[in-house]
Amino acid sequence: MPTERDLIKKIQEGDGEACETLYGSYEEGLRRYLLRLVHDAAAADDLLQETFLRLWTRAGQWEGTGTVKAWLFGIARNLAFNHLDAVKRRRQQRLEIPSEENEEEVESPAWMADERTPGADVQLERDEQQLLLHEVVEALPQSKREVFYMSYESDMEIREIARELNLPEGTVKSRLFYARKFIAAAWRQLQNEWENE
């Protein structure tokens, strides 16, 4: 059975079946991960397709360091944050005020309101918090940030990370502890600032 590294080499040579094999391995995990980031099932599906399109068209950019899983989750993460940035920019665009001529008030029927869906203000707040959290994580030193992403976003275990980075497990645990402590402190500070606004 070919390894994931073998599959990447086959994709680089234009083997569509190799791409389908990786898709089958990571489709569900990536979809769940993207849904947690963007909170929109349709957008998550689009981003999943875009992730594998990037795999297909840019397989030659894979340097062979780290795991294929970490690389795919990294692509998905970048696409998700680009999507959230675009959504935020669209929300910030000015809306034209409709003219009062021939204006009719139109009410949406009650059955169209999905009460399970969070309101726009709640969703916007969640998106903003997600972007702020991303900024906090990006402020970590590179060595700690890499370990954090591998652990939390790529769902890798300590021993897997240690093997991929060629580090002792104790070093990985130490970096992960530092990252958690840094993120928690920065997040508490942000929450204090929100409360004092």
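Couple of notes before you dig in:
- Think of segment 1-92 as a dipole: +1 on every Lys or Arg Cβ, -1 on every Asp or Glu Cβ, centred on the Cα centre; then among ALA86, MET1, PHE73, ALA86 lies furthest on the positive end.
- For segment 121-197: rounded, prolate or oblate by the Cα gyration tensor [a/c cutoff 1.5]: prolate
Readers should treat all values here as calculations from the given coordinates under stated rules, not as data from a laboratory. Since the model is a prediction, treat every value here as computed from it, not as a measurement. Note: ideal-geometry Cβ built from the backbone for every residue, glycine included; neighbour counts use all protein chains shown.
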